[in-house]
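Student: If you scroll down you'll find the structure; I have some questions about it.
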Amino acid sequence: MDSAELLREFGDATLALSAAVVLVFLLSRWLRPRFGAGVAYAAWWLVPAALLALLLPAPVADLPEAPLMPMAIPAAAAATTAAPVASFDPTPWLAALWLLGALAMALRLWWLQRRFERGLGRLRPLRDDLWKAQTSLGLPALLGVMRARIVLPDDFLSRYDARERQLMLAHERTHHRRGDHLANFAVVALRCVFWFNPLVHLAARFFRHDQELACDQAVIAAHPDSRRAYGEAMLKTLMADRQAPLGCHWGFSHPLKERVMQLKSPMPRPWARRIGAITVALLALGTGFAVWSAQPARAPKAVIQAGDLRGGDHRIDVALRIDGDEAERFAVVNPDGELLKLTRQDGKGGRIDVDATVRPLDGGRYDIAMALKRNGREISQPRLVVAEGTPATVKVGDDKADGTFAGVELVMVVADASRTPPPPPPAPPAPPAAPDEALPPVPPVPAMAPPAPPAAPAPLAPRAPKPSAVPPAPPVLPAPVSTARPQVSSERAHQAVRVHAGQAERARAEAVAAQAAAARHAAQSNADFEAGKAAAREAARAAAAAKDAEQAARAAEAAAFNVDAEAAERTRARYATMSPQEIEAELEATRQRIEKRRGELRAMAAEQAAREAARAPTPAAN
């Protein structure tokens, strides 16, 4: 797919996305009061349905039969290659501008996410999915994509009571169970890709609003007797002045009034929710079909129109290659001087049209006049004069750096229809056949091999000594040479034996020493291996102990968290039943106990200082 085709596809995706967003805007207000906030939130599936419909193959158009008509050809010089029409192509500049905008949007959203996470301070784990921050702004929230976690504010225990904490945790866990954090990641990706479309950024805000309303409705459906506590938790939450793009915030700055008013509305009945789900599914299918059918119909793969395909004056063998793809070949029989029309789809949604007129000349030559069009725009009007059976080549395009050709390449071979010669393509396979034919001559050489065994009786030459002929003398030569100087050879042999024996003894001693050294090294290696195993076991035990200690610390911190919460709840309940005078009396008693304890600590400190002074050595007098 070239850059122009990619730009066209991107424009179609932008239009489909914008139309789907506008449709969701119109349907949301109608779906929510009738079928509930969950159905209105599900209506956002129309957006991916519209985008996925563009991936389906476009419909094929039926091209009408074009009437044959004569074509006026201006005089032109014969040529074999036509130059492309020079024009300014803004596609690379637009692609570069889009890439810069997408990178800028991605960096901005990443900076917002990092700023929010840095503002939370150091996170401390409480349970498997619960973490406690050092701030309260914008919390509680579900943060992360692949490993999402619930982050609680620093004053979570003091600001909310037990029922409110339970409802808020249920709200964030509902976000996680429904995969809302993954949906927010998809929204961020769409904002980066379609950064130039203001509807996408507006849709992101309304999408988060419908997401929170649907989550509220799901929590209230599971806790129908907790509407008042749920509303009080909303009112206690500080509205965040900044949010993380990849986060589901309890205090997200959408209209709080609508969320509180929804708590007063009755829950939709199950049959209403089912009808709403079916309605949304039908709307998604209808949106996808509408987007698919709105695509421009593509032309069929190849269409050839001629005056009479069953008979004519000349035969034309056509080979058409587009953008380096595999060439397609056609054979057409057409009358002299009649217009030949060839239409082919380029596989990228575009269309190539070739109009050709062939007229015979003297000397077995043909005059070929052509007009090439791409997507309805004329790109060349070549005119060629070629001999019968000679390929006429027309190339309109550019050679790429990788050696491929981007453009249209057309090869036409014209011959008399009454004596059509074999097409040239079979000629290339002839050279490969030559090596195969060269192989058969090789077997005659092995055919001469059978006479060779009769010549093999030459090994019978050892029988020649029986007739005591002179020729066998050469094999007997080794014997006289070996016995020429027996005395000297014997002494040298004994000396060589002694030398070899000494060498063998030294080699044996070296082997024994090497064996002993190998034994020592093996013993040392075994000792080192055992020591390493012991160290590894000790390290494993230490790691296990450290892990157990860490788990115990977390469990103790979680237990302390629960104990503090329970103690605070008991103290709050006890103070609720006491009168102001009783509370004041209890506070006075608490102050007296604190002062008494302070006095005891001061006395203990003075006594400890006196003992230290008594134990200190007295400096000797000079």
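Student: Just how far, in whole angstrom, is the stretch 200-222 from the stretch 498-548 if you go by their alpha carbon centroids?
Tutor: If we compute the Cα centre of each part, the gap is 69 Å.
Student: Hey, another quick one. Starting with the highest mean, order 11-17, 597-603 by the number of other Cβ atoms within 10 Å, averaged over the residues of each peptide.
Tutor: 11-17, 597-603
Student: Related question: Once you put a point 7 Å from the Cα of T577 and another 7 Å from the Cα of R541, both along the Cβ direction, what distance in nm separates them?
Tutor: 5.3
Student: How much net charge surrounds A540 when only other residues with a Cβ under 11 Å from its Cβ are counted (Lys, Arg +1; Asp, Glu -1)?
Tutor: On the way: positive: K533, R537, R541, K547; negative: E538.
Around A540, the charge tally is +3.
Student: Next question. In whole Å, what is the distance between the alpha-carbon centres of the stretch 32-54 and the stretch 322-374?
Tutor: For the stretch 32-54 versus the stretch 322-374, the Cα centre distance is 50 Å.
Student: By how many nm would the segment from R554 to I594 grow when fully extended, if each residue of separation counts as 0.36 nm and the alpha-carbon distance is taken off? Before the final figure, lay out the partial values.
Tutor: Details: separation 40, 0.36 × 40 = 14.40 nm, distance 3.12 nm.
Length difference between fully extended and current span is 11.3 nm.
Student: Give me a comma-separated list of calculated 3J(HN,Hα) values for the stretch 45-55, in order, Karplus coefficients 6.51, -1.76, 1.60 applied at θ = phi - 60°, integers in Hz, x for any Gly or Pro.
Tutor: Per residue, the Karplus-derived 3J(HN,Hα) values read 5, 5, 5, x, 5, 5, 6, 5, 5, 5, 7 Hz.
Student: Sum up the charges of everything whose Cβ sits under 10 Å from the Cβ of I322, counting Lys and Arg as +1 and Asp and Glu as -1, but leave I322 out. Walk me through the numbers before you get to the answer.
Tutor: Values: positive: R321, R344, K348, R374; negative: D323, D325, E326, E328, D346, E409.
In short, -2.
Student: Let me ask something additional. Report the full-extension gain for the segment R228 to A513: residue separation times 0.36 nm, less the Cα-Cα distance, to one decimal in nm. Can you show the working numbers first?
Tutor: Values: separation 285, 0.36 × 285 = 102.60 nm, distance 9.18 nm.
Full extension of this stretch gives 93.4 nm more.
Student: Assuming R0 = 35 Å, can you tell me the calculated FRET efficiency for the pair R115 and R173, based on Cβ-Cβ distance, to the nearest 0.05? Kindly include the intermediate steps, with their values, before the conclusion.
Tutor: Numbers: r = 26 Å, r/R0 = 0.74.
Using R0 = 35 Å, I get an efficiency of 0.85.
Student: Sticking with this one: How far is it, in nm, from the label point at R615 to the one at L26 when both lie 7 Å from their Cα along the line to the Cβ?
Tutor: In this crude label model, R615 to L26 measures out at 9.0 nm.
Student: Something else about it: Which of rounded, prolate or oblate describes the stretch 310-384 when judged by the alpha-carbon gyration tensor and an a/c cut-off of 1.5?
Tutor: Numbers: a/c = 2.18, a/b = 1.73, b/c = 1.26.
Taking the square roots of the gyration eigenvalues as a ≥ b ≥ c, the stretch 310-384 is prolate.
Student: Let me ask something additional. Quick one: give the max-minus-min coordinate of the C-alpha atoms of the stretch 351-425 along each principal axis, largest first, in Å.
Tutor: Here the spans come out as 41, 27, 19 Å, largest first.
Student: Using the beta-carbon distance between A106 and T135 and R0 = 22 Å, what value does 1/(1 + (r/R0)^6) give for FRET efficiency, to the nearest 0.05? Walk me through the intermediate numbers first.
Tutor: Working: r = 26 Å, r/R0 = 1.19.
For A106 and T135, the calculated efficiency is 0.25.
Student: Ranking request for peptides 94-106, 370-382: highest mean number of other beta-carbon atoms within 10 Å first, then the rest in descending order.
Tutor: For the peptides 94-106, 370-382, the packing ranking is 370-382, 94-106.
Student: Right, next: Could you compute the net charge surrounding A203? Neighbours are other residues with a C-beta less than 12 Å from the C-beta of A203; K and R count +1, D and E count -1. Walk me through the numbers on the way to the answer.
Tutor: Values: positive: R191, R205, R208; negative: D210.
It works out to a net charge of +2.
Student: Oh, and also: For R365, R191, give me the order by solvent-accessible area with a 1.4 Å probe, most accessible first, ignoring ligands, DNA and RNA. Can you show the working numbers first?
Tutor: Working: R365 110, R191 50 Å².
Of R365, R191, the descending order of accessible area is R365, R191.
The values are calculated or read from the model by the stated rules, or taken from the named source; none is laboratory data. None of these values were measured; they are calculated from a predicted model. Don't worry about glycine lacking a Cβ; one is built from the backbone with ideal geometry, like all the others, and counts go over all protein chains shown. With ligands, DNA and RNA removed, areas are computed over all heavy atoms of the protein, side chains included. Shrake-Rupley method; radii C 1.70, N 1.55, O 1.52, S 1.80 Å.
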